[in-house]
1. Hey, in the GNM for the chain with a 10 angstrom Cα cutoff, which one of Gly30, Gly45, Gly75 fluctuates hardest?
2. Output the relative contact order of the chain, whole-number percent, from Cα pairs under 8 angstrom with separation of 6+ residues.
3. Given axes a ≥ b ≥ c from the Cα gyration tensor, I'd like to know whether the chain is rounded (a/c under 1.5), prolate (a/b larger than b/c) or oblate.
4. Just to confirm the filter: which chymotrypsin sites (Phe, Trp or Tyr not before Pro) across the range 1-107 are DSSP coil and have at most 15 other Cβ within 10 angstrom of their Cβ?
5. What is the helix-to-structure angle for 34-44, meaning the angle in degrees between its Cα long axis and the longest Cα principal axis of the chain, kept from 0 to 90 and rounded to the nearest 10?
6. Once fully extended, how much extra length lies between His81 and Glu23, figured as 0.36 nm per residue of separation less the alpha-carbon to alpha-carbon distance?
7. Which trypsin sites (Lys or Arg not before Pro) in the range 1-47 pass both tests, a DSSP loop state and at most 13 other beta-carbon atoms within 10 Å?
8. Quick one: what are the phi-derived ³J(HN,Hα) couplings along the range 80-86, Karplus 6.51/-1.76/1.60 with θ = phi - 60°, whole Hz, x for glycine and proline?
Amino acid sequence: MFKVHAIPSHRLPELLRVMPKAELHIHIEGSLEPELIFALAQRNGVPLPYADVAALRSAYAFTNLQSFLDLYYAGASVLLHEQDFYDMAWAYFEKSQGRSCGAGGAVF
Ligand SMILES: [Zn+2]
């Protein structure tokens, strides 16, 4: 018979950080970071409704579905060419590797 010991709450953040994870389902365009969104917007000549990277990053603290969708569609609007999708996927894989995260499936 196993006896389960409670994990002290102060150890949880570190335990969760190092714990292996699997991302079973991700809409990969939602993984775009503000820096890459601005880089792709500049490369493709796409205007963004945010003044700069900092303004876009602050919009990530969305407050309702519409503010989330505004951000999501602004990010997706810069994805125009095959290279854009490659860059987005590569950034996601690099980020995932740093989190010991296995990807189960990515969708667009
Ligand atoms: Zn889905």
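Rule-based calculations on the coordinates, nothing more; no lab input. If you're wondering where the values come from, they're calculated on a predicted model, not measured in any experiment. A quick note on method: Cβ atoms are made from the backbone with ideal geometry, for glycine too, and the neighbour counts reach across all protein chains shown.
1. Gly45
2. Contact order relative to length: 50 percent.
3. prolate
4. Phe2, Tyr60, Phe62
5. Computed tilt is about 30 degrees.
6. 18.3 nm
7. In loop regions of the range 1-47 (DSSP not H, G, I, E or B), the sparsely surrounded trypsin sites (Lys or Arg not before Pro) are Lys3.
8. 10, 10, 3, 4, 5, 5, 4
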